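Everything on this sheet refers to the single structure shown next.
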Ligand code: URA
């Protein structure tokens, strides 16, 4: 189902306002902040994560805790940064949920379905060249599939754009051996951006 009045935002500012004013998701009640996005809106690469954690909820910015620091290092290794003013070397970052779920639990299918129109509109408005989905939740939202171990590294499409599922950096912190696959995926992304 599309919540069309909310998803029809014509600009990023309108979308931010629509998200901030959305009262139907119970996550919002327990959250300190709405975490909309970070990075350069002109970036070629848009990263979609799951949901803010404790640090992100406090700061109001996505991926600022330990997993976020690893995410930054991963993308910096291929020359991409959320602080780059240059679209060529910039990333833009958002999450499926703009609010921290209680106890950091994974959003369920109904919650993902409710938030999906916002994420889709967000992708349309940013209009990146490539969408990177980190972890199962954005894959469930945007591809209708989970099983990140199988999905990662396989290029697919989201809203007509090339899209790459990758491991979530929090998973990589728990399973450092999987960094090998994450590195392969980063190199595939770098090669794609060159072509
Ligand atoms: N994990 C996510 O998926 N997103 C964040 O913003 C932080 C941690």
- [ ] Can you run down the residue pairs with Cβ atoms below 6 Å, 6 or more apart or on separate chains, where the first is in the stretch 85-98 and touching a residue at least 12 places away in the same chain (Cβ under 8 Å) and farther than 21 Å from residue 120 by Cα and the partner is within 13 Å of the ligand (Cβ to nearest atom) and part of a loop (DSSP other than H, G, I, E, B)?
- [x] none
Open item on the list: Could you check the stretch 102-111 and list, in sequence order, the residues that are more than 15 Å from the chain's Cα centre (by Cα) and either under 15 Å from residue 133 (Cβ atoms) or within 10 Å of the ligand (Cβ to nearest atom) (or both)?
Closed with: 104
Open item on the list: I'm trying to understand the selection: among the residues of the stretch 134-160, which are away from the ligand (no atom under 14 Å from the Cβ), surrounded by 15 or more Cβ atoms within 10 Å (Cβ to Cβ) and not in a loop (DSSP other than H, G, I, E, B)?
Closed with: 143, 151, 156, 158
- [ ] Filter the stretch 164-177 for residues that are buried (at least 16 other Cβ atoms within 10 Å of the Cβ) and assigned to a helix (DSSP H, G or I) and give the result.
- [x] 169, 170, 171, 172
- [ ] Tell me which residues, restricted to the stretch 81-101, are part of a loop (DSSP other than H, G, I, E, B) and away from the ligand (no atom under 12 Å from the Cβ).
- [x] 83, 84, 85, 86
Open item on the list: Any residue in the stretch 69-81 that is free of Cβ contacts under 8 Å to residues at least 40 places away in the same chain and at negative phi sitting within a Cβ distance under 7 Å of a residue that is surrounded by 15 or more Cβ atoms within 10 Å (Cβ to Cβ) and in a helix (DSSP H, G or I)? List the pairs, counting only those 6 or more apart or interchain.
Closed with: 80/89; 81/75; 81/89
- [ ] Would you be able to tell me the number of residues in the stretch 102-132 that are surrounded by fewer than 21 Cβ atoms within 10 Å (Cβ to Cβ), out of contact with any strand residue (DSSP E or B) (no Cβ under 9 Å at 6 or more places or on another chain) and part of a loop (DSSP other than H, G, I, E, B)?
- [x] 3
- [ ] Determine whether residue 77 is surrounded by fewer than 18 Cβ atoms within 10 Å (Cβ to Cβ), within 22 Å of residue 135 (Cα to Cα) and more than 16 Å from the ligand (Cβ to nearest atom).
- [x] yes
Open item on the list: Please go through the stretch 52-80 and give me each residue that is assigned to a loop (DSSP other than H, G, I, E, B), in contact with a strand residue (DSSP E or B) (Cβ under 9 Å, 6 or more places away or on another chain) and under 23 Å from residue 186 (Cβ atoms), ordered by number.
Closed with: 61, 62, 63, 64, 80
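Scan the stretch 48-63 for residues that are more than 6 Å from the ligand (Cβ to nearest atom), touching a residue at least 24 places away in the same chain (Cβ under 8 Å) and over 22 Å from residue 124 (Cα atoms) and jot them down.
54, 57, 58, 59, 60
We did not get these values from a lab; they are worked out from the coordinates using the rules stated. Predicted, not measured: the structure shown is a model, and the values here were computed from it. We place every Cβ from the backbone using ideal geometry, glycine too, and count neighbours over all the protein chains shown.
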